[in-house]
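Values in this text are rule-based calculations from the coordinates and carry no lab data. From a predicted model like this one, the values you see are computed outputs, not experimental measurements. Here Cβ is always computed from backbone atoms with ideal geometry, including for glycine, and neighbour counts include all displayed protein chains.
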Amino acid sequence: MRIALGCDHAGFPLKQRVASLVQSAGHEVIDCGTDSNCAVDYPDYARKVGETIIAGRADRGILVCGSGVGVSVAANKIPGIRAAICHDSYSAHQGVEHDSMNVLCIGARIVGEEVATELIQAFLKAQFTNEERHVRRLNKLLGIERDALAGKF
């Protein structure tokens, strides 16, 4: 898979570890920044990761900020992105398997390197199940997104 990776300054210290994990699992990393621990705005990097996925240049994404909240909120504003903060490996794989989550959000100040490793491994190994109940629910989520884009609420 091609994985778009982005972070803000708070996520930067964990970024190289994340990139190494993704590459060692046999996936390609598409670096969407940032490239230092100088203060930046997390929505810029959530946008870059989301746009990379929507454009078809990446299959999934990983975003890292201080808490994971900001990048999750920002990424979910992009139609077609299903991002979630995960602090446990069950959520990291279940989000893909049941909800077709395509962006993993991690709080660098919340989880350490070992937990981040577990999250990333679970996320990368998981596949959407295509079970009828999950497809039905995903279609409902996509319907909400279509209605919002059409100005129905």
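Note on D99 and V135: the model spin-label points, each 7 Å out from Cα along the C-beta direction, lie 2.2 nm apart. Close amide H pairs (under 5 Å, H built 1.01 Å from N) link A4 with I30, D59, R60, G61, I62, residues at least 5 positions away or on another chain.
For the stretch 55-143, the fraction of C-alpha pairs farther apart than 23 angstrom is 19 percent.
The phi-based Karplus calculation (6.51 cos²θ - 1.76 cosθ + 1.60; θ = phi - 60°) puts the 3J(HN,Hα) values of the stretch 138-150 at 4, 4, 5, 4, 5, x, 4, 4, 4, 4, 5, 5, 7 Hz, whole numbers, x for Gly and Pro. Angle of helix 113-125 to the longest C-alpha principal axis of the chain, folded into 0 to 90 degrees and rounded to 10: 40°.
Ranked from largest, the principal axis spans of the Cα set of the stretch 2-128 equal 36, 31, 25 Å. Couplings 3J(HN,Hα) of the stretch 80-92, computed from phi: x, 9, 10, 10, 8, 7, 10, 10, 9, 5, 4, 4, 5 Hz, in residue order, whole Hz [Karplus 6.51 cos²θ - 1.76 cosθ + 1.60, θ = phi - 60°; x for Gly and Pro]. Here is how the number arises for the chain: DSSP H runs of 4 or more residues each give -39500 (n - 2.57), the sum is divided by the residue count, and the result at 222 nm is -15500 deg cm²/dmol. The charge dipole of the chain, taken about the Cα centre with unit charges on the Cβ atoms of Lys, Arg (+1) and Asp, Glu (-1), comes to about 440 debye, rounded to the nearest 20.
The residues Y45, Y90, when put in order of fewest to most other Cβ atoms within 10 Å, stand as Y90, Y45.
If r is the Cβ-Cβ distance from M1 to L142 and R0 is 22 Å, what FRET efficiency results, to the nearest 0.05? Calculated transfer efficiency: 0.55.
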